[in-house]
Amino acid sequence: MEMVVVAPPAPGRLEDLRRRFFATPLQALLSLVSLAIMLFLGWKLLNWAVFSAVFTTSGGPEACQAAAGACWSVIAARWRIILFGLYPFDEQWRSALACVTVVVMTVLSCIPAFWTGRRIALVWGTGAALYYVLMKGGVLGLAHVGEEAWGGLALTLFIFVTTCLIGFPLAICLALLRRSDLPWISRTTGLIIDGVRSLPLISILFTFAIVLPFALPQWLQGDKLYRVILGSALFFSAYQAEIVRGGMQGVPAGQEEAAMALGMSYWQRIGRILLPQAMRNALPATINQFVISFKETSLVVIVGFFEILASGNAAYGTGEWRFAYVEVYAFIAMIYFVFVFSLSRYGAFLERRMSVGER
Amino acid sequence: MTSSNSSQSAGPAVQIENLDKYYGTFHALRKVSLTVQRGEKIVICGPSGSGKSTMIRCINRLEQHNGGRITVLGTELNDDVGNIDGIRREVGMVFQHFNLFPHMTVLDNCMLSPMIVRKQPRAEAEATARRYLEKVRIPEQAMKFPGQLSGGQQQRVAIARALCMQPQIMLFDEPTSALDPEMISEVLDVMVTLASEGMTMICVTHEMGFARRVADRVIFMDGGEIVEQAPPEEFFAASRNERTRQFLSQVLGH
C-alpha cells in the first residue's frame, strides 16, 4: 500500500485576494481606504496629464494657462532645445544621429554575441568615430561645431559613455594595483583611490575644467570637455575600483592557487580566473555605480556644459513658458527613467546569465 | 619498486635539502630533507600544523621557502619565474577543496590550461580532456558546471584537470578530507589506478588503507620535521618513534 500525499490545491485568485486583504474587518477597512486613496490620486494624475492637458502649440502659452491640466505644448515647442541644447538648429539632425549611434553602440556591446575583443573594438571604434564626425563636423561637407556648442541628450550620453569607457578599465587597473604584493604600490594606489573618493565630484570637475589649464602646457590641455570627462572618469574609477576589489575578495584564494598550480601566468590567472568571478560578484554594485554615474552627468553644468537637465532649464527659463517647468522636468525625468531602467533590466539579465552553474 | 619512466632522464623527481620555512616568526619547516625518486609513491601523514601541506606546497612554489634547496626534475626552484612556470607545468596538484573554476564547465576546466599554457589546439585539448574524464569515470558530466556535481565527482574532475597537463609528478593535498565518507573511495580508486600506472605521487592524507596499498614509503611529520619514514608494512607494524605510535593509535584506533 502506498500513501499518496496530495498538496493542497492552490487558492483561486479571488480566494487569494480575500486572504491577503480582507481577512479581518479592520484589514478590509484599511484595504478599502487605501484603494480609495490610490484611485483618487490616480484619477487626479491622469486628469492632469491627459484629460485636461494641452498638447498642441497652436494656442501658445495662453491656451495652457487657461487650461487646468498639464501644458505639454511646452515640450512640443521646445523639445529641440531639451534634446540638443545649443547645437546649431539646422545641424541638429547630426546630434540626433549621434545619440542613435551611442545607443546602438551600447546595445550592441551588451549582446553576448559581441563579447569578443575584435567585435567590441570594431563596434566602439566605428561608433566613436561616427559620433565624433557627426558632432564635430569639419569634414565630409559637415559644418564645424565646437565642443562648447554640444548639448542636451547627445552631450549627456557622450559624457556618460566615455566616462565608463575610460573609467572601467582604469578601475580594474587600480583594483589590481591595490592588491599588489609590493607595499609601496598597494599603499600608493590606496592613497589615490581614497583621496579621489574623499573629494566631491563637483570639486574634481572644477579642478579639471578651470584649474588644470594653468598647470599644463598648452599642447596637453585639450578641450575643456575632454578634461571634464577625464575628471569624471577618474572619480568613477575610484569608486568602481573598490567595487571590483570587493568582488575579488569574494573569490576564494584556492582559485588562484589552482590556476598557479596549472602553470598559468599572472595575466592568465587575472583574465581567465580572477576577473570573471570577481565581476560576477561585483555585478549588482557595478550596475548601481553606472546608474549613479549616469545621473551625475548633470553636474557638468557647473563648468558650463548644457547637458540635458541644464538644457531643460533653458527650455522653460526664457519668458513665455516660465510657468511650465513641471512638464519640462517630467519630460526629462522620463528620459532619465528610460535609460536608467533599461540599465537596471540589463543588469538583471546579466545576473541571470552569470548565475548559470552557481552553487 | 622500480619506476616505469626512469628512462626519461636520470636523477630524482624531487630533491629537498635542509628546507626551512617561516610564517612570520613561526618555524613551519625545520631543515627538512626528502628525496623522491621517479615513479615513487609517497604518503605523508602527521597531526595538523605539522608542516606536511606546507612542504608539498613548496614543491610547486605555492609557498616560498626561506632556506635550503628544492630541485624538481633537475631544475632548482628559485626566484627565476621561468623555472617556476616550467616546474608547475610538470607538477600537477589536487587540493582539499577541489578548487575547480566555478564559472566554467567541467570540460572547459580541463581544457583551459592545456590550451593557454601548453598552447595545444582546441581539438587536441578536448580529446585529452575527454580521455581523462573517462579515466576518472565521469565522461557524462563534461558539460556540467562544477557546482552541479557532488564532492567526490568534483574531486575526480580536479584530478582529471591536473592530468590533462600531462604532468610527471602529482601532488595531493588531503584530497579526501573535505568529502562525505561515502565519496572517499571513488576518489581513492582513481588515485590507486594512477599509482598503478607508474605516476610519481606525493600524497598528504590520513587514509592509511590507501597508504598500505600504494605507498612505497610512508612519512610521518610532526613539528615541522620528518620524524620517521619507512615502507608501509614496517611503518604500521613497527614504528620506532613514540610520537608516530601515538599518532597512529589516534588515526587507526576507531
Notebook entry, point to check: Can you name every residue in segment A:78-98 that is surrounded by 19 or more Cβ atoms within 10 Å (Cβ to Cβ) and in contact (Cβ under 8 Å) with a residue 60 or more places away in the chain?
Noted result: A:78, A:81, A:82, A:83, A:84, A:85, A:87, A:98
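Listed residues B:165, B:191, B:170; which is away from chain A (no Cβ under 14 Å), more than 19 Å from residue B:144 (Cβ to Cβ) and surrounded by 19 or more Cβ atoms within 10 Å (Cβ to Cβ)? Reasoning before the result, please.
Details: B:165 fails: away from chain A (no Cβ under 14 Å); B:170 fails: away from chain A (no Cβ under 14 Å).
Among B:165, B:191, B:170, only B:191 is away from chain A (no Cβ under 14 Å), more than 19 Å from residue B:144 (Cβ to Cβ) and surrounded by 19 or more Cβ atoms within 10 Å (Cβ to Cβ).
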Check: Filter segment A:108-138 for residues that are outside any helix (DSSP H, G or I) and more than 20 Å from the chain's Cα centre (by Cα); which is farthest from residue A:353 (Cα to Cα)?
Finding: A:138
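For segment A:32-54, check the following and say yes or no: at least one residue is in contact with a helix residue (DSSP H, G or I) (Cβ under 7 Å, 6 or more places away or on another chain), surrounded by 13 or more Cβ atoms within 10 Å (Cβ to Cβ), of a type outside the set (Gly, Ala, Ser) and in a loop (DSSP other than H, G, I, E, B).
Filtering segment A:32-54 down to residues in contact with a helix residue (DSSP H, G or I) (Cβ under 7 Å, 6 or more places away or on another chain) leaves A:54.
Cutting the leftovers down to surrounded by 13 or more Cβ atoms within 10 Å (Cβ to Cβ) gives us A:54.
Now restrict to residues that are of a type outside the set (Gly, Ala, Ser): A:54.
Now restrict to residues that are in a loop (DSSP other than H, G, I, E, B): none.
No: zero hits.
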Notebook entry, point to check: Taking residue B:234, is it surrounded by 21 or more Cβ atoms within 10 Å (Cβ to Cβ) and acidic (Asp, Glu)?
Noted result: no
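Looking only at segment A:49-67, how many residues end up being among the small types (Gly, Ala, Ser) and either modelled with pLDDT of 75 or more or touching a Cys at 6+ places or on another chain (Cβ under 8 Å) (or both)? Explain how you work it out, then say what you get.
First, pick out the residues of segment A:49-67 that are among the small types (Gly, Ala, Ser): A:49, A:52-53, A:58-60, A:63, A:66-67.
Right, trim to either modelled with pLDDT of 75 or more or touching a Cys at 6+ places or on another chain (Cβ under 8 Å) (or both) and you get A:49, A:52-53.
Total meeting the criteria: 3.
What helices (runs of 4 or more DSSP H) completely inside segment A:255-359 contain at least 1 residues that are more than 18 Å from the chain's Cα centre (by Cα), under 25 Å from residue A:165 (Cα atoms) and within 14 Å of chain B (Cβ to nearest Cβ)? Explain how you work it out, then say what you get.
Values: elements: A:275-296, A:308-317, A:325-354.
Helices (runs of 4 or more DSSP H) meeting the threshold: A:275-296, A:325-354.
For residue A:57, state whether it is among the hydroxyl-bearing types (Ser, Thr, Tyr) and farther than 30 Å from residue A:320 by Cα. Quick ask: steps written out before the conclusion?
Details: among the hydroxyl-bearing types (Ser, Thr, Tyr): yes; farther than 30 Å from residue A:320 by Cα: no.
No: the conditions fail for residue A:57.
Would you please name the residue that is surrounded by the fewest Cβ atoms within 10 Å (Cβ to Cβ), looking only at residues in segment A:245-254 that are under 13 Å from residue B:101 (Cα atoms) and more than 7 Å from every other protein chain (Cβ to nearest Cβ)?
Going through segment A:245-254, the residues under 13 Å from residue B:101 (Cα atoms) turn out to be A:251-254.
Subset that is more than 7 Å from every other protein chain (Cβ to nearest Cβ): A:251-253.
Working: A:251: 19, A:252: 13, A:253: 9.
Ranking the qualifying residues of segment A:245-254, first place goes to A:253.
Scan segment A:137-146 residue by residue and report those that are crowded, with 17+ Cβ neighbours inside 10 Å and out of contact with any Ser or Thr (no Cβ under 9 Å at 6 or more places or on another chain).
Start the filter on segment A:137-146 by keeping residues that are crowded, with 17+ Cβ neighbours inside 10 Å, which leaves A:137, A:145.
If the condition is that a residue be crowded, with 17+ Cβ neighbours inside 10 Å and out of contact with any Ser or Thr (no Cβ under 9 Å at 6 or more places or on another chain), then A:137 is the only one that fits.
Given the options B:61, B:38, name the one that is in contact (Cβ under 8 Å) with a residue 12 or more places away in the chain, at the interface with chain A (Cβ under 10 Å from one of its Cβ atoms) and buried (at least 21 other Cβ atoms within 10 Å of the Cβ).
B:61
Kindly indicate whether residue B:100 is within 16 Å of residue B:154 (Cα to Cα) and surrounded by 17 or more Cβ atoms within 10 Å (Cβ to Cβ).
Values: within 16 Å of residue B:154 (Cα to Cα): yes; surrounded by 17 or more Cβ atoms within 10 Å (Cβ to Cβ): yes.
So residue B:100 fits the description; yes.
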Next item on the list: Could you please let me know if residue B:158 is more than 10 Å from chain A (Cβ to nearest Cβ), within 24 Å of residue B:195 (Cβ to Cβ), in contact (Cβ under 8 Å) with a residue 60 or more places away in the chain and not basic (Lys, Arg)?
Entry: no
Margin query: Testing residue B:136 on (1) surrounded by fewer than 22 Cβ atoms within 10 Å (Cβ to Cβ); (2) away from every other protein chain (no Cβ under 14 Å), one condition comes back false. Which one is that?
Written below: (1)
Next item on the list: Look through B:97, B:103 and report the one residue that is touching a Phe, Trp or Tyr at 6+ places or on another chain (Cβ under 9 Å), in a loop (DSSP other than H, G, I, E, B) and within 11 Å of chain A (Cβ to nearest Cβ).
Entry: B:103
Note to self: Of the conditions (1) touching a residue at least 12 places away in the same chain (Cβ under 8 Å); (2) within 13 Å of chain A (Cβ to nearest Cβ), residue B:46 satisfies every one except a single condition; which number is it?
What the structure shows: (2)
Notebook entry, point to check: residue B:152 is checked against (1) free of Cβ contacts under 8 Å to residues at least 60 places away in the same chain; (2) within 14 Å of another protein chain (Cβ to nearest Cβ); (3) in contact with an Asp or Glu (Cβ under 6 Å, 6 or more places away or on another chain); (4) not aromatic (Phe, Trp, Tyr) and fails just one. What number does that condition carry?
Noted result: (2)
Next item on the list: State whether the residues of segment B:82-92 include one that is surrounded by 15 or more Cβ atoms within 10 Å (Cβ to Cβ) and either more than 13 Å from chain A (Cβ to nearest Cβ) or in a strand (DSSP E or B) (or both).
Entry: yes
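Give the residue, chosen from A:351, A:327, that is of a type in the set (D, E, K, R) and over 30 Å from residue B:147 (Cα atoms).
Numbers: A:351 fails: over 30 Å from residue B:147 (Cα atoms).
Unique residue meeting the criteria: A:327.
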Note to self: Just to be sure I understand, how many residues within segment A:147-174 are surrounded by fewer than 19 Cβ atoms within 10 Å (Cβ to Cβ), under 22 Å from residue A:304 (Cβ atoms) and not acidic (Asp, Glu)?
What the structure shows: 2
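The values are calculated or read from the model by the stated rules, or taken from the named source; none is laboratory data. Just so we're clear, the structure is a prediction, and the values are computed from it rather than from any experiment. Every residue, glycine as well, gets a Cβ built from its backbone with ideal geometry; the counts of neighbours run over all protein chains shown.
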